[in-house]
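Encoded as structure tokens, the structure appears first; notes follow it.
The values are calculated or read from the model by the stated rules, or taken from the named source; none is laboratory data. Predicted, not measured: the structure shown is a model, and the values here were computed from it. All Cβ positions, glycine included, derive from the backbone under ideal geometry; neighbour counts span all protein chains shown. In case anyone asks, the SASA skips ligands and DNA or RNA and just uses the protein heavy atoms, side chains included. Shrake-Rupley method; radii C 1.70, N 1.55, O 1.52, S 1.80 Å.
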Amino acid sequence: MKSLLDCAKFQTHIIKSGLTPRIIDANHLIRVYSKHSLIQHVQQMFDEMPERNVFTWNAIINTYVKAQNFVQARTLFYAAPLKDYVTYNTMLSGYVNCEGFQDQAVPLFAEMQCVEKVSEYALTTMLGLVTKLSLLSYGRQLHSYMLKSGNSLSRYALSSLIVMYSKCGCFRDAWRVFDGSDVKAVDTVSKNAMVAACFREGEVEMARDVFSSMPQLNDEVSWNTMISGFAQNGYEEEAIQLFRSMMEEGFVWNEHSFSSVISACSGVKNLKLGKEIHAWILKEGMSLNPFLSCSFVNLYCKCGLLNYASSVCATTQKENPFAITPLIVEYSGMGNMLEARRLFDSLPGKNHVVWTTMISGYVKTHQCEDAFQLFRELMTQETTVPDELIFINLLGACAIHATFNYGQQIHACILRTGSAMDAKLANSLVDMYSKCGNVTYAQRIFQFAVDIDSILYNSMIAGYALHGYENEAIQLFSQMTERGFQPDAVTFLALLSVCRHRGLVKVGEKYFFSMTKDYNISPGTDHYASMIDLYGRANQLEKAVSLMEKLPIEPDAVILGAFLNACKMNRNAELAKAAEDKLLQIEGGNGSRYTQLAGIYASEGKWNEMGRVMKMMRGREAKKTAGCSWVYVGDTVHTFISGDRSHSDNDDIYIILGCLIKELTKLSATLFFEEELCTFC
């Protein structure tokens, strides 16, 4: 009686004949019905049995364990008059493998030690639980018990101990177990476990040595473990070479071999080999399982062949929605948010990677309103935010648009969801509040931050600089260095920003020269531009000229732009004209640079020069970026571009604007009249 139909016929025959089935036949029927999840038939068969043995009890307990009905399984377990190690192992395995019942495994294991000799299966099952929950101290106790009871020498126990110590972060203990074991106890399973442990620890050479020793024990799993380990540890070329050697040594490639080597191909962008493997798989008539399809999509995305990736994705989309994730990441990284959103919406289930990628993509392309809207969708589906990078990106969006209210809401959401306030999150909050104009809030976040690093100091110093709090910025820099934090290029850029806005030439020079002298930091383009701007604002153009002449780097558009502004502030059109050719060689297509030059000449009354520059701009068809502003009204952002009249309330806006201009004109005339009267008086 192998099939379910045979069992049903047999039971029907027994019932019709009025006979009582033998225990061995009844046990067999229970086992077959249990295999097909026919729990009611199992229970009925069990209840009708006039006599039961230990196999009967084990079979019905196993039925309820497989159905995860632990209430009934436990009732039957304690009601069983006969128990053996199989009975205990069935319950123990059920507890260990079912979420929410794992805490029941420990007292059951303790009970086993009192009433039954603990089997090797029970020990390895408990080691699996210890590994899963990272309970190292309990794992050491199990190891000690195995040594005392003589259960530590078997191959299954050996591999379980290696895996347990390795995954609990005790690689040296794993190696001692392997290295100190009897050669006869080492088999393929334990050897493969040790190779995997070496790779998890980053001990690539040690893994290579273990693999090379006792080559007769190597199997397909051994080769696949090596290929995967090389690929994951940055040894892509070795992984590819080992993949080729695997077939030469007579071992057969399988899905794990292909998945690992395709990952290696992605790492070094070896498109040629990736295509060859793809073609070989298709030629052999093998189907692309979820792992392989994801690997090929990722390879083609990294190599820029999005059409190939889309083709692979289209053939596996229904079976494996996660194959779409690499495509969403790639399109989002390219700024093609329309295609990324189309793929995102096609996913029936969305993981934290795609949510984070989409929100990040919207923020990077300055589509901040779409980022906020997507976050609202996320919060309607989830009770917690799956990745703190989502908060960091949203706070960045608030900083870009200076939306203080949204920033406060995101901050409240962070507190409400209980997200850990680490240095990255605190840094994003400080930056957001600073750029939204509330230095007090930024200062409060900084003061109460638990995990402070140099990046957080930089953000707070930059916040003070943005709002002209030079004393606070300088004091915070002193505190930073006193506490042993190393300043970097960003730190000094923030300090120079304070100095140039407040005209602190001596202080600025002190920090600028301190970069190389005290901290061995080479000034960058922005540092030189800040110093030139500082000299220009302080009417010390000769120092700006001297710095330009001594530049150790080729001046770029940023430095030359800063120098032009210095020339304008000091009314020196001749020096501006000297820098004109070099600037337009670098940014000849940027209309803003022509406007900048024209403004300098106009301020000096050099109308011919101004006309020449504007004519040059028209001749080169250089475009100036249109001015843009926005305002939040309620939850809606209203964007205005210079010269654009497409707003739905355009007429009403211009009526109000006209009224304001009239009122300002009247006010201006009144003030002028009052000043004239005061002059005569």
Response to the item:
Condition set open to solvent by less than 90 Å² (accessible area, probe 1.4 Å), under 52 Å from the mean Cα position of the chain (by Cα) and at pLDDT 70 or above, scope the stretch 4-36, selection farthest from Y85 (Cα to Cα): answer is H36
Worksheet item: Which numbered condition trips up A602, out of (1) open to solvent by 10 Å² or more (accessible area, probe 1.4 Å); (2) touching a residue at least 12 places away in the same chain (Cβ under 8 Å)?
Response: (2)
Worksheet item: Does any residue of the stretch 520-532 turn out to be within 38 Å of the chain's Cα centre (by Cα), at pLDDT 90 or above and more than 28 Å from K582 (Cβ to Cβ)?
Response: yes
Worksheet item: Does A538 fit the bill of being more than 38 Å from the chain's Cα centre (by Cα) and open to solvent by less than 10 Å² (accessible area, probe 1.4 Å)?
Response: no
Response to the item:
Only one of W607, W630 is among the aromatic types (F, W, Y) and either at pLDDT 70 or above or more than 28 Å from C368 (Cβ to Cβ) (or both), namely W607
Item to complete: Looking for whichever is open to solvent by less than 60 Å² (accessible area, probe 1.4 Å), of a type in the set (S, T, N, Q) and without any contact (Cβ under 8 Å) to a residue 24 or more places away in the chain here; the options are S222, S228, S213. Which one fits?
Response: S213
Worksheet item: Considering F101, F77, which residue is of a type in the set (F, W, Y) and either farther than 30 Å from D173 by Cα or surrounded by 20 or more Cβ atoms within 10 Å (Cβ to Cβ) (or both)?
Response: F77
Discussion item. Condition first: closer than 27 Å to R172 by Cβ and not in a helix (DSSP H, G or I). Now tell me which residues in the stretch 119-150 satisfy that.
Written reply: S134, L135, G150
Worksheet item: Only one of these conditions is not met by G94: (1) modelled with pLDDT of 85 or more; (2) open to solvent by 40 Å² or more (accessible area, probe 1.4 Å). Which number is it?
Response: (2)
Worksheet entry | One residue from E369, E330, E377 being touching a residue at least 40 places away in the same chain (Cβ under 8 Å), out of contact with any His (no Cβ under 6 Å at 6 or more places or on another chain) and in a helix (DSSP H, G or I) | E369
Worksheet item: Got a number for residues in the stretch 104-118 being assigned to a loop (DSSP other than H, G, I, E, B) and either touching a strand residue (DSSP E or B) at 6+ places or on another chain (Cβ under 8 Å) or open to solvent by less than 20 Å² (accessible area, probe 1.4 Å) (or both)?
Response: 1
Practice prompt. Among the residues of the stretch 290-311, write down those that are assigned to a helix (DSSP H, G or I), open to solvent by 10 Å² or more (accessible area, probe 1.4 Å) and either of a type in the set (A, V, I, L, M, F, W, C) or modelled with pLDDT of 80 or more (or both).
Written response: F291, C294, S295, N298, K302, L306, N307, Y308, S310, S311
Worksheet item: If only one of V163, V177 is open to solvent by less than 30 Å² (accessible area, probe 1.4 Å) and part of a helix (DSSP H, G or I), which one is it?
Response: V177
Worksheet, complete the sentence: Taking the stretch 246-285 and keeping residues of a type in the set (A, V, I, L, M, F, W, C), surrounded by 13 or more Cβ atoms within 10 Å (Cβ to Cβ) and in contact (Cβ under 8 Å) with a residue 12 or more places away in the chain leaves M246, F251, F258, V261, I262, A264, C265, V268, L271, L273, I277, I281
Item to complete: Name every residue in the stretch 337-385 that is open to solvent by 70 Å² or more (accessible area, probe 1.4 Å) and either of a type in the set (A, V, I, L, M, F, W, C) or over 17 Å from the mean Cα position of the chain (by Cα) (or both), in order of residue number.
Response: L338, R342, D345, P348, H366, Q373, R376, T380, Q381, E382, T383
Response to the item:
For the stretch 166-188, pairs from a residue that is under 18 Å from P215 (Cα atoms) to a residue that is surrounded by fewer than 19 Cβ atoms within 10 Å (Cβ to Cβ) and among the basic types (K, R), with Cβ under 8 Å and 6 or more apart or across chains, are A185/R155; V186/R155; D187/R155
Worksheet item: With Q40, Q72 as the choices, which residue is out of contact with any helix residue (DSSP H, G or I) (no Cβ under 8 Å at 6 or more places or on another chain), surrounded by fewer than 21 Cβ atoms within 10 Å (Cβ to Cβ) and in a helix (DSSP H, G or I)?
Response: Q40
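Let's see how each residue does on (1) closer than 21 Å to V545 by Cβ; (2) crowded, with 23+ Cβ neighbours inside 10 Å; (3) touching a Leu at 6+ places or on another chain (Cβ under 9 Å):
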site: F492; (1), (2), (3): no, yes, no
site: L495; (1), (2), (3): no, yes, no
site: G503; (1), (2), (3): yes, no, yes
site: M531; (1), (2), (3): yes, yes, yes
Worksheet item: Just wondering, is there one or more residues in the stretch 425-443 that are without any contact (Cβ under 8 Å) to a residue 24 or more places away in the chain and open to solvent by less than 30 Å² (accessible area, probe 1.4 Å)?
Response: yes
Practice prompt. Return yes or no: is K582 free of Cβ contacts under 8 Å to residues at least 60 places away in the same chain, open to solvent by 10 Å² or more (accessible area, probe 1.4 Å) and over 27 Å from M614 (Cα atoms)?
Written response: no
Worksheet item: How about the stretch 521-618: which helices (runs of 4 or more DSSP H) wholly inside it have at least 2 residues that are of a type in the set (G, A, S) and over 30 Å from P487 (Cβ atoms)?
Response: 573-586, 591-603
Worksheet item: If we scan the stretch 668-675, do we find a residue that is at pLDDT below 85, closer than 24 Å to D370 by Cβ and open to solvent by less than 70 Å² (accessible area, probe 1.4 Å)?
Response: no
Worksheet entry | Selection from the stretch 547-578 of residues that are open to solvent by less than 40 Å² (accessible area, probe 1.4 Å) and small (G, A, S) | A557, G561, A562, A566, A573, A576
